[in-house]
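> Dropping the structure in here first, questions after.
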Amino acid sequence: MALTPLEHTVQLARNYLRDFPKFFQVSFDAVGRTFEVGQPNIDPTTVWIATTVGGSATPLTSSAYTLDHRNGVLRLTNTPAANTQLLVEGYYYEWILPEDLQYYAQHSINYHLPTIRTPLENATPAVLNVVGLGALLEALQALMTEYARDIDVMTSESVHIPGSQRFRMLQSLCQHWEVEYRKHANNLNIGPERIEQLSLRRMSRTTNRLVPLYKSKEIGDYGPIERIFAEESEGHILIETEEDLRTDVFIDMDPETGVTSNAFY
């Protein structure tokens with residue numbers, strides 16, 4: 001089954017991040033109702049929770065607990081009985097949750113969509129790869145914001161804990177992928193830095209009207225000047241009359257001079 005543009009973007013960004021789900025398994029005595037699982041960024045769709053009493057495990061339904069999967073905090077609906085153990089299994093992500101990566105992927109699509117002339121469903125894999133690199137940059141920059149809170153610690157016992165090292169490593173990684181993204185985006189001419197070629201219209205100071213546009217001509221072409229009429233509402237450039245290509249453009253003679261109603265040649 002073919003992937004949607006959003007799914008393709010998320011998959012490509014996940015592969016470049018190398019942040020795949022990892023398995024965890026914890027067990028502890030069920031004292032109280034709230035427990036710290038010890039792993040943040042848990043995938044709630046993979047969590048299995050059960051209580052054991054005397055070696056017999058009883059899985060809990062989703063209505064029997066609430067899980068803060070972002071911070072790894074589990075809260076039971078009812079207080080378990082004494083001598084009860086709690087088993088928790090599942091997968092977690094070291095950096096970014098799937099819902100967060102999907103959010104960054106949608107941001108990247110929104111940035112690139114106005115610069116892509118075809119629908120993303122019909123776009124080439126090269127274009128979708130650039131959009132995926134944009135989502136990767138969005139995710140890395142968000143991680144930089146989170147890791148910017150880490151600070152270096154130095155104690156009087158000459159113990160140095162370089163807490164900001166993780167931020168600097170991530171910053172270097174972000175700069176590397178930014179260069180790669182710009183290289184691919186510029187080659188395809190898409191993205192926020194896309195180069196566009198436009199025809200500017202000048203307003204006449206004497207008539208307060210737009211200066212007319214004329215079709216460009218080759219050197220030696222002495223044919224009549226063709227005016228270009230532009231539809232300002234849609235932005236398309238239309239030619240008033242269309243003629244077949246001339247074959248007598250270049251003449252082996254000295255150029256002639258003359259005057260028309262609006263030009264000198």
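Every number here is computed from the coordinates shown, using simple stated rules; none is lab data. Every value quoted in this text rests on a predicted model; they were computed, and no experiment measured them. Cβ placement follows ideal geometry from the backbone for every residue including glycine, while neighbour counts extend to all protein chains displayed.
> Go through segment 140-155 and report how many residues are surrounded by fewer than 14 Cβ atoms within 10 Å (Cβ to Cβ) and among the hydroxyl-bearing types (Ser, Thr, Tyr).
Residues flagged as surrounded by fewer than 14 Cβ atoms within 10 Å (Cβ to Cβ) and among the hydroxyl-bearing types (Ser, Thr, Tyr) within segment 140-155 amount to 2.
> OK, next. Which of the residues spanning segment 40-76 are closer than 16 Å to Glu94 by Cα and part of a helix (DSSP H, G or I)?
Listed by number, the residues that qualify are Pro44, Thr46.
> Which number in (1) surrounded by 12 or more Cβ atoms within 10 Å (Cβ to Cβ); (2) over 30 Å from Leu3 (Cα atoms) marks the one condition that Leu137 misses?
Condition (2) is where Leu137 drops out.
> For Arg166, state whether it is without any contact (Cβ under 8 Å) to a residue 40 or more places away in the chain, surrounded by 13 or more Cβ atoms within 10 Å (Cβ to Cβ) and closer than 24 Å to Glu7 by Cα.
Judged against the criteria, Arg166 is not a match.
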